[in-house]
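FYI, it's all coordinate maths here, none of it is from the lab. Remember, predicted model here, so these are calculated numbers, not experimental data. For neighbour counting, all protein chains shown are included, and Cβ atoms are generated from backbone atoms with ideal geometry for every residue, glycine included.
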Amino acid sequence: MTLDDFLLALVAPARLGEEITPGVRLLGISTELGPRLTLQVGEHEVHVEIAPREPTRPSAAQSSRLALSYRSSTSAPVDAALGVSLCRALVDVIAPNEETALRALRDAAPHGADAESSAKVREVRVARLLEPAGTPDARYFSVSPYVGCLIGCRFCYAHSHVAVSRTLARLPEVPWGSYVDVRINAAEILAAELSTAPLHPIKFCPIVSDPYQAVERRHRVTRGCLEVVRSEARGRPVLVLTRSAALVDDMELLASMANAWVGFSVPTEDDAVRRHFEPRAASIPERLATLALLRSRGVRTFAVLQPVLSDDVEALASALAEVVDSVSIDVLHGVQGAERDFDDPRFEHMRASSWQAERRAALAQALAARGVGVWAGELPPELRGPR
Ligand code: SF4
């Protein structure tokens, strides 16, 4: 049983598109950021996330084994009363199914040597790849050729999402940065999905992995997917974001795509800071040099700062202005597993929300003074709007 099957088993006998309880329709399922149902309640579209019930996990409602929480599928928040009553109604739906569904998931879990190998690099096959995302005025798809990331930045928020799915699937509990699932049939699935998909941009970005982490050099799943998008010949916009210099291997491919946007995370100008927070990622000089190369080949380039780790925003703005067309800036949203990194007296100040906000504003100003566009959110302004 896959996690997709598990979600459908929880709400059986209802199927996709059907009402699972009066007034609540099942619009979609997803396991990309942990198991999630997308539901329509009246005119609202709400995500309900499902996780194992644990004493410390906040939730809106709980069954005997599972915890349910809600969030909006758009930028508008969900009314709390609606969210809680929806989760409670769902508990009534899943309660009769959950033991059977959890048992089937447990029986499908790897055992023995399989369990051991699943702690590291595991080849998996998927039935779906395109993940719809965004808001009504900025729809896009995300694509993750891998799940898990061997670069293993400790502040990475992907870990908390992936951990829920791994716990439910009874995969071994191993540290973030030590495992990755390789979606070996991703290109084939993507080709089939694109034939009917609207022309939304596709983001190959680190939601649950980095598309150019080291295993890409062996498996080339990201490359295969990019080749599929290129062959579509509709000029679909593609955004690729990485912290890995292995992207340079696909320079020719990216330069040959009609509408490619390629970015690096560049949170700092100082490679000593990078070594502290992202020891397994590409150096700052490597990232800047690759961006310069991309730009010289006519590829649109961007940088993402999330979080901001720069003590010298003027130097960073000058470096970025040489190599990117635009920059997206966001602040630190919780230190995740990086408490010790931020406890270091050299970097302690960077965890303060006031410092993050002040750096973001100062960097935006410094970039604007150099004629570099600054954006927030998931898509550059040029890629927003109906398609
Ligand atoms: S490279 Fe990206 S996806 Fe990988 S661990 Fe770092 S932040 Fe997470």
Query - Relative contact order (%) - criterion: Cα under 8 Å, at least six apart; region: the chain - result: 12
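Just subtract the alpha-carbon distance of residue 220 and residue 99 from 0.36 nm times their residue separation and send over the number in nm, one decimal.
Here the segment from residue 220 to residue 99 would lengthen by 39.7 nm.
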**Report entry** Percent antiparallel among DSSP beta bridges (both partners in the chain, rounded to 5)
**Finding:** 55
Report task. State the Cα centre-to-centre distance between the range 19-80 and the range 318-334 in whole Å. Result -> 33
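Which trypsin sites (Lys or Arg not before Pro) from the range 309-385 combine a DSSP loop assignment with at most 16 other Cβ atoms within 10 Å?
Working: sites: 340, 346, 351, 359, 360, 370, 384; in loops: 346, 370, 384.
Of the trypsin sites (Lys or Arg not before Pro), the ones in loops of the range 309-385 whose Cβ has at most 16 other Cβ atoms within 10 Å are 346, 370.
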Query raised in the report: Which whole-Hz couplings ³J(HN,Hα) result when phi for each residue of the range 350-355 is put into the Karplus expression 6.51 cos²θ - 1.76 cosθ + 1.60, θ = phi - 60°, listed in order with x for Gly and Pro?
Result: 6, 7, 6, 5, 5, 5
Report summary line: The set of residues whose placed amide H lies less than 5 Å from the amide H of residue 375, leaving out same-chain residues fewer than 5 positions away, is 327, 328, 329
**Report entry** Inter-site label distance for residue 196 and residue 280 at 7 Å from Cα along Cβ, in nm
**Finding:** 3.8
Query raised in the report: To the nearest 10 degrees, how steeply does helix 284-296 sit against the main Cα axis of the chain, on a 0 to 90 scale?
Result: 80
Query raised in the report: Where does the longest stretch of the chain lie that holds no GluC sites (Glu not before Pro) found in a DSSP loop with 14 or fewer other Cβ atoms within 10 Å?
Result: 174-387
Report summary line: Taking a crude spin-label model, label points 7 Å out from Cα along the C-beta direction, the residue 333 to residue 249 distance in nm is 3.1
Report task. Pop out the ³J(HN,Hα) list for the range 48-53 in order, Karplus 6.51 cos²θ - 1.76 cosθ + 1.60 with θ = phi - 60°, rounded to Hz; leave Gly and Pro as x. Result -> 10, 9, 10, 9, x, 6
Report summary line: Kirkwood Rh for the chain from C-alpha pairs, in Å, is 22.0
Query raised in the report: At a Förster radius of 56 Å, what calculated FRET efficiency corresponds to the Cβ-Cβ distance of residue 64 and residue 369, to the nearest 0.05?
Result: 0.45
Query raised in the report: Could you give the length gained on full extension between residue 163 and residue 358, defined as 0.36 nm per residue of separation minus the Cα-Cα distance, in nm?
Result: 67.0 nm
**Report entry** Filtered trypsin sites (Lys or Arg not before Pro), the range 151-207: DSSP coil and at most 11 other beta carbons within 10 Å
**Finding:** none
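In nm, what is the difference between 0.36 nm times the number of residues separating residue 57 and residue 92 and their Cα-Cα distance?
Numbers: separation 35, 0.36 × 35 = 12.60 nm, distance 1.99 nm.
Residue separation times 0.36 nm, minus the Cα-Cα distance, leaves 10.6 nm.
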Query raised in the report: What is the distance, in nm, between label points placed 7 Å from the Cα along the Cα-to-Cβ direction at residue 106 and at residue 80?
Result: 3.6
Query raised in the report: Residue by residue through the range 31-45, which ³J(HN,Hα) values in whole Hz follow from phi under the Karplus form 6.51 cos²θ - 1.76 cosθ + 1.60 (θ = phi - 60°), with glycine and proline marked x?
Result: 10, 4, 10, x, x, 8, 9, 10, 10, 10, 10, x, 8, 9, 10
